[in-house]
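Everything on this sheet refers to the single structure shown next.
Just so it is clear, none of the values below were taken in a lab; they were calculated from the coordinates. For clarity, every value in this text was computed on a predicted model and none was experimentally measured. Don't worry about glycine lacking a Cβ; one is built from the backbone with ideal geometry, like all the others, and counts go over all protein chains shown.
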Amino acid sequence: MKNKILLGYFFIIGTAFFTAFSYIFGKKISDSLYPETVAFYWFFGAFLVAVFKRFFFTALGFKFKVPLSDLGKYKKIMILSSIVTVFGAASWVIALRIIGPPATSFLMKFQVLFAVILGVFFLKERLSKTEVLGIFLTIIGGSLITFNNTRIELIGSFYAISAAFFYSILFIIVKKTASDLNMIMVATLRSTGVVIIGFFYLIIFNKFQIPNLNDFIMILLGGTCGAFIGKAFQFQAIKLVDVSRTTAITPLEAVFVVYLSYIYFDTIPDYFKLAGGFLIIAGVFILLLFRKDNIN
């Protein structure tokens with residue numbers, strides 16, 4: 001039992017670590033590529049890893065087999081999650097380019113706030129006074145991050161919060177329609193769906209681009225770290241430790257992002273952004289820690 005819990009925490013920290021690296025790889029991608037193009041190749045990288053996943057993950061205890069007779073159950077979640085992810089990923093890329101990894105990472109934590117609010121409206125979950133405090137701290141933190149920003153930085157912040165909103169919808173969709181499904185298969189089919197939808201979108205709107213070798217490598221590495229390995233680790237952690245402990249440590253991702261941004265780009269957010277990020281993390285921590293399955 002003890003080894004199982006320790007392995008669960010390993011996967012939790014791995015989730016934050018690999019997701020943080022996706023921000024670094026994403027920032028290194030050339031701005032000449034359309035955000036939609038980046039999103040397409042991003043999940044194409046995750047798709048390639050999914051194809052060869054047995055060689056990498058089987059030793060870690062992941063199970064991938066799903067009976068062919070059950071594949072029909074995944075059609076709805078594949079379509080819905082893919083569409084929402086396309087918008088979320090494109091918005092994330094734009095935010096990353098404008099306001100950088102740390103601020104984007106901080107504002108992306110709004111997805112927890114949105115998930116809680118959407119849960120109240122659509123899942124009939126109750127909102128406690130402590131959670132209201134968490135929402136308040138998160139909003140104040142976001143205000144500090146956008147305080148005294150230029151117009152272009154405000155636009156970048158808007159896209160970061162938009163990405164958070166789309167991913168919160170994804171959370172609700174998965175919780176509502178895929179709670180009894182194999183989550184590794186859900187992650188794999190989500191990547192597959194985004195690749196298919198993204199390809200047709202790029203062709204129809206004449207936005208298909210072939211990245212240079214450096215951009216291609218950065219995109220594949222980023223997509224592999226964030227869209228597949230990070231998610232796979234998160235899903236595996238949920239199986240080993242309870243969900244509250246799994247989600248409560250997710251703000252660790254922002255800490256990794258700030259540290260890695262300093263190492264790779266020699267940049268660090270100003271005091272207002274750091275203070276805002278701290279309040280967002282505190283608010284999100286409260287929301288995650290006290291979020292119960294309170295369903296009327």
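Between residue 150 and residue 3, what FRET efficiency follows from the Cβ-Cβ distance if R0 is 41 Å, with the result rounded to 0.05? Each step should come with its number before you reach the end.
Details: r = 51 Å, r/R0 = 1.24.
Step by step, r from the Cβ atoms, then E = 0.20.
To the nearest 0.05, how large is the calculated FRET efficiency for residue 275 and residue 175 if R₀ is 45 Å and r is the Cβ-Cβ distance?
After rounding to 0.05, the efficiency reads 0.90.
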With R₀ set to 51 angstrom, the calculated FRET efficiency between the beta-carbons of residue 10 and residue 132, to the nearest 0.05, is 0.90
Between residue 264 and residue 210, the two model label points (7 Å from Cα along the beta-carbon direction) sit apart by a distance in nm of 2.6
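Taking other Cβ within 10 Å of each residue's Cβ, how do 107, 118, 170 sort, fewest first?
Details: 107 30, 118 19, 170 22.
Exposure proxy ranking, most exposed first: 118, 170, 107.
For a test of the definition: using alpha carbon positions, the gyration tensor, and the 1.5 limit on a/c, classify region 85-138 as rounded, prolate or oblate. Working shown, then result.
On the way: a/c = 5.46, a/b = 1.77, b/c = 3.09.
Oblate, since a/c reaches 1.5 and b/c is not below a/b.
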Residues 190, 126, 151, 97 in order from fewest to most other beta-carbon atoms within 10 Å are 151, 126, 97, 190
Neighbour-count ranking for 40, 166 (other C-beta within 10 angstrom, fewest to most) reads 166, 40
The simple spin-label model distance between residue 30 and residue 143, using points 7 Å out along Cα→Cβ, in nm, is 4.3
